[in-house]
Amino acid sequence: TKHLLGIKDLNERDIQLIFETADTFKDVLNRPIKKVPSLRDVTIANVFFENSTRTRLSFELAQKRLSADTINFAASSSSVSKGETLIDTVNNILAMKVDMIVIRHPYPGAGIFLSRKVNAQIVNAGDGAHEHPTQALLDAFSIREKYGDVAGKKIAIIGDILHSRVALSNILCLQKLGAEVMVCGPTTLIPKYIGSLGVKVEFDLLKALNWCDVANMLRIQLERQDIKYFPSLREYTMMYGLNKQILDSLDKEILIMHPGPINRGVEITSDVADSKQSIILDQVENGVAIRMAVLYLLAGQKP
Ligand code: CP
C-alpha cells in the first residue's frame, strides 16, 4: 500500500508485519548505535495543522533513526495564516522534492483528501475525531509486548469516545487482532453508531474495570466540543475518573494505558498514571519503533 490513512485499510497480516518489523527496530533502538541507513534517500515532511508533542517528535525521531531527511511544518507559524490552502501548502512542500507527508489535521478525512489530490505518500498522524492509526498500532503493540498476544484479551476504552480518533483506530485494530473491546463513558460521550462496530458498551466504570484485562483511559477532548457536554469535568471525574482506591478494589491486576496528553486528576490520578500497572511511557517508547516500521514498509523496504 502507498499510504497509511487509517486502520480500516489494514488487515491482520499487515498489522502483524508492522509488529514484526517494529520488533526488529525496537532491538535496534536498544543498541548503542540507534541509527540505520534504510531511508537514506527518502525525504519526509511532518505537516502539523494541530498541536502535538508525542506524535510529531516520535515521527521525527523515527525518521532520523532511519536516516531519512526530515522537515517540520507547523501551521501556526506558516503562510496558512495568509490564506494558503492545504493543497497549495503541500504541493509547495512537494516541489522541494519531498517523498512522504506525515499529516495531522483537525478535519476528519484530511489525509484521505490529500492522498487523492497530491502526488506523494501520505501518513495520517491524526485527522480530527476520525483515525490515529499509528497510535492504535503502538497501543496494540504495547499490549502484545506485555501479554505476548492481543487475541482473546479484553480491552476497555474509557472516556470521551465521541471525540476520539484514538478510540476508533483502537477499536478497529484490536478487533482485527482478535481482542474483545468495550467502550465505557457517559451516554453523551458515546457515539450512536458504536453498536455497529461490534463493541460492548458499559456506562458503569467499576463494571468495565472488573471485565477488562486492559483499561485505556482517554482524555476529555474539550477542544472538539462546541457545546457544553454533560457531565462537567468535575462530575466526569467523580463518575469516571480512575484512582488508586478503585484500582486496588479490583480482584485482579489490570494494565493501565493512556495515549497522552494526560489531564492528571481528571480521567486518571497521578498515583495510577505513575503506578507499576501503568504502561503509559512504554507506549511512548514503542511509538518510535512502530513509526520506524510504518515508514520503512511504506518506503518499499523488505520486511
Ligand atoms: N497521543 C498523541 O497523539 O499525543 P500528541 O497529541 O501529543 O501527539
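For the reader, a short list of remarks on this structure follows.
- Projected label distance in nm at ILE71 and ARG31, using a 7 Å step from Cα toward the beta-carbon: 3.1
- Extension gain, GLN277 back to LYS244 (0.36 nm per residue minus Cα-Cα distance, nm): 10.8 nm
- Zero-based 20 Å bins, Cα pair distances in the chain, whole percents: 34, 57, 9
- Using bins of 5 Å that start at zero, the share of Cα-Cα pairs per bin across the stretch 133-283 amounts to 2, 10, 22, 25, 22, 14, 5, 1, 0, in whole %.
- Between ASP213, ASP27, ASP251, the GNM of the chain built on Cα springs shorter than 10 angstrom shows ASP251 fluctuating the most.
- Ordering GLU267, GLU12, GLU223 from the fewest to the most neighbouring beta carbons within 10 Å gives GLU223, GLU12, GLU267.
- Lysine pairs in the stretch 133-283 with Cα atoms under 20 Å, if 8 or more residues apart or on separate chains: 22
Values in this text are rule-based calculations from the coordinates and carry no lab data. Because the structure is a prediction, the values reported are computed rather than measured. Cβ atoms come from the backbone with ideal geometry, glycine included; neighbour counts cover every protein chain shown.
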